[in-house]
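Shown below is the structure under consideration.
The values are calculated or read from the model by the stated rules, or taken from the named source; none is laboratory data. If you're wondering where the values come from, they're calculated on a predicted model, not measured in any experiment. Neighbour counts run over all protein chains shown; Cβ positions are idealised from the backbone, glycine included. Side chains included, ligands, DNA and RNA excluded: accessible areas come from the protein's heavy atoms. Shrake-Rupley method; radii C 1.70, N 1.55, O 1.52, S 1.80 Å.
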Amino acid sequence: MSYDLVIIGSGPGGYVCAIRAAQLGLKTAIVEKRSTFGGTCLNIGCIPSKAMLHASEMFEVAGHGFEALGIKVEVPKLNLPVMMKHKQDTVDANVQGVAFLLKKNKVDSYIGTGTIASVGKVLVTKADGSTETIETKNIVIATGSDSAPLPGVTVDEKTVVTSTGALELSKVPGKLLVIGAGVIGLELGSVWKRLGAEVTVVEYLDRILPGMDNEVAKQFQRILTKQGFNFLLGSKVTKVETGKKAAKVTVEPAAGGEAQTLDADIVLVAIGRRPYTEGLGLEAVGVTLERGRVVINDHFQSTVPGIYAIGDVVRGPMLAHKAEDEGVAVAELIAGHAGHVNYGVIPGVVYTEPEIATLGQTEEDLKAAGIAYTIGKFPFTANGRARAMQATDGFVKILADATTDRVLGCHIIGKGAGDLIHEVAVLMEFGGSSEDLARTCHAHPTMSEAVKEAAMGVEKRSIHI
Ligand code: FAD
Ligand code: NAI
């Protein structure tokens, strides 16, 4: 077979790229080594974790949130197999949805491991060992990432797990020790905390969620501590010994000092992810990698013409929506259109309770860049809808250029922050000012009013504080 475009990897980068390319009239094929489409995100990442976050939050609310609203219920009992079935059903519906969309758009699919045999040739090795070579004018590498290993710690996905094992536990661990206070550690720590585990998070740095707004991270740590999380910041795990049932974890201060040993039923290693390029044969065709990532130019082209790369396997945040937007852009560029991704406006969301949403530059970024800025901040304690929903934890913070008033960043901690952030994303895409947002009528009573009030706060004219 001969194609205009062959994509290796069917995660949010790859499958979205395939659909957009087909829409633009390119004869397109996708190669995936898993038996289902959708990549990390749909199979073992975004989707199953959000199914578990939702279900565990419902369990938490049923157990602790109803009484104050005048609803008396029996103490809820956990049926973990049913909760896991909900997770699996959600995954199945999503991966089948992608299969349907690929078919609908007439994208040919090949299940097997793709290797770039040479420019314009992809070798597919199927599960039974048989091979097939497909010819193509262009190749997009969209092979994603996998969990970064911690030297000296062996993952068995039973006692010492990555996110994949942490989404498959057959019972609630008595003690869960999480290594890394990043997105995975705090999301999956929240899941098992709500279901009854005692959760301790060991973080190398002296703060949680590095890279996110410091003030947001500090308040979030206070909230999580109130929820029952234990944090060991400025600490590193140096050894994990697994016995028949549990693990003994050696933790030392990051700066050196006396070690302590902690017991854990499950240890979750969540110290980041690394690009996945194994078996692609990149060295042989001359594609350059830098710290494991495929090096690309502004048009997603690797160091070899005709070979492109997108998503977790290239620079930038490892996020599904970033991979999707790159998938669309590279398809458009290959088809001769003007594809583009605005890396300054990519939201990041942590789907805990409350949620964290971050967009654009943080105060720390602006200080480092020497940009003069103004801040508007509004707490959810002063928002009527938040009070009605008992969701007063958190605030909205908007950062604007001190001279032009152009909005440069927005950071939210609060219920539904992941949805609230998008009006600011649209505003920033259009180069809008805090005044534009402040003068836009917002429905009452909504959590979104806090976004408007924060924008009004940039010029010190919030009404409700
Ligand atoms: P992937 O989704 O990793 O897909 C790559 C695909 O390529 C895989 O299916 C793989 O099997 C296939 N592949 C690899 N090599 C080959 C080969 N040689 N031949 C054929 N196929 C191959 N991001 C968010 O934005 N929001 C979230 O809520 C979120 N939650 C997450 C939760 C967890 C637990 C994890 C682990 C990640 C989460 N992420 C989230 C990150 C998100 O999953 C990734 O950013 C996203 O999946 C990257 O997409 P991708 O297309 O680059 O790669
Ligand atoms: P992360 O990069 O978010 O966090 C890793 C944390 O581990 C950091 O705080 C880091 O300082 C710490 N760390 C590193 N080495 C350590 C060590 N030896 N000991 C103790 N702490 C150490 O990585 P995480 O949580 O594994 O997630 C990987 C990626 O997956 C994220 O960066 C994100 O891109 C994506 N993801 C996105 C989600 C979302 O958008 N909601 C959800 C889950 C994952």
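So which residues in the range 310-342 are in a helix (DSSP H, G or I), under 15 Å from residue 294 (Cα atoms) and either out of contact with any helix residue (DSSP H, G or I) (no Cβ under 9 Å at 6 or more places or on another chain) or among the hydrophobic types (A, V, I, L, M, F, W, C) (or both), if there are any at all?
Those that are in a helix (DSSP H, G or I), under 15 Å from residue 294 (Cα atoms) and either out of contact with any helix residue (DSSP H, G or I) (no Cβ under 9 Å at 6 or more places or on another chain) or among the hydrophobic types (A, V, I, L, M, F, W, C) (or both): 313, 323, 330.
With respect to residue 247, is the statement that it is modelled with pLDDT of 95 or more, of a type in the set (A, V, I, L, M, F, W, C) and more than 27 Å from residue 60 (Cβ to Cβ) true?
Against the criterion (modelled with pLDDT of 95 or more, of a type in the set (A, V, I, L, M, F, W, C) and more than 27 Å from residue 60 (Cβ to Cβ)), residue 247 does not qualify.
Tell me whether the range 354-362 contains one or more residues that are outside any helix (DSSP H, G or I), at negative phi and in contact with a His (Cβ under 6 Å, 6 or more places away or on another chain).
Yes, that holds for at least one residue.
Quickly run through the range 363-380 and pick out the residues that are more than 14 Å from residue 458 (Cβ to Cβ) and not in a loop (DSSP other than H, G, I, E, B).
Those that are more than 14 Å from residue 458 (Cβ to Cβ) and not in a loop (DSSP other than H, G, I, E, B): 364, 365, 367, 368, 369, 379, 380.
Here is a yes/no grid of residues against (1) more than 21 Å from residue 347 (Cβ to Cβ); (2) buried (at least 19 other Cβ atoms within 10 Å of the Cβ); (3) touching a strand residue (DSSP E or B) at 6+ places or on another chain (Cβ under 6 Å); (4) not assigned by TED's automatic domain parsing to the domain that holds residue 80:
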position	(1), (2), (3), (4)
154	yes, no, no, yes
168	yes, no, no, yes
171	yes, no, no, yes
177	yes, yes, yes, yes
187	no, yes, no, yes
202	yes, yes, yes, yes
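Identify all residues within the range 381-415 that are small (Gly, Ala, Ser), closer than 23 Å to residue 343 by Cα and outside any strand (DSSP E or B); write none if there are none.
The one that is small (Gly, Ala, Ser), closer than 23 Å to residue 343 by Cα and outside any strand (DSSP E or B): 402.
In addition: All but one of (1) more than 15 Å from ligand 1 (Cβ to nearest atom); (2) assigned to a loop (DSSP other than H, G, I, E, B) hold for residue 169; which doesn't?
Condition not satisfied by residue 169: (1).
Quick one: which helices (runs of 4 or more DSSP H) sit completely within the range 183-296 and have at least 2 residues that are away from ligand 2 (no atom under 16 Å from the Cβ), within 30 Å of residue 126 (Cβ to Cβ) and of a type in the set (A, V, I, L, M, F, W, C)?
Fully inside the range 183-296 and qualifying: 282-285.
Look through 447, 456, 428 and report the one residue that is open to solvent by less than 30 Å² (accessible area, probe 1.4 Å) and in a loop (DSSP other than H, G, I, E, B).
Testing whether each residue is open to solvent by less than 30 Å² (accessible area, probe 1.4 Å) and in a loop (DSSP other than H, G, I, E, B) leaves just 447.
Quick check on the range 249-263. Is at least one of its residues touching a residue at least 40 places away in the same chain (Cβ under 8 Å), open to solvent by 20 Å² or more (accessible area, probe 1.4 Å) and under 17 Å from the mean Cα position of the chain (by Cα)?
no
Condition test on residue 152, is it more than 14 Å from ligand 1 (Cβ to nearest atom), modelled with pLDDT under 95 and on the phi > 0 side of the Ramachandran plot?
yes
Working carefully through the options 62, 51, 29, 55, find the one that is crowded, with 20+ Cβ neighbours inside 10 Å, within 20 Å of residue 82 (Cα to Cα) and away from ligand 2 (no atom under 14 Å from the Cβ).
Just a single option satisfies the conditions, and that option is 55.
Follow-up. Has the range 95-108 got any residue that is over 30 Å from residue 304 (Cα atoms) and among the polar types (S, T, N, Q)?
yes
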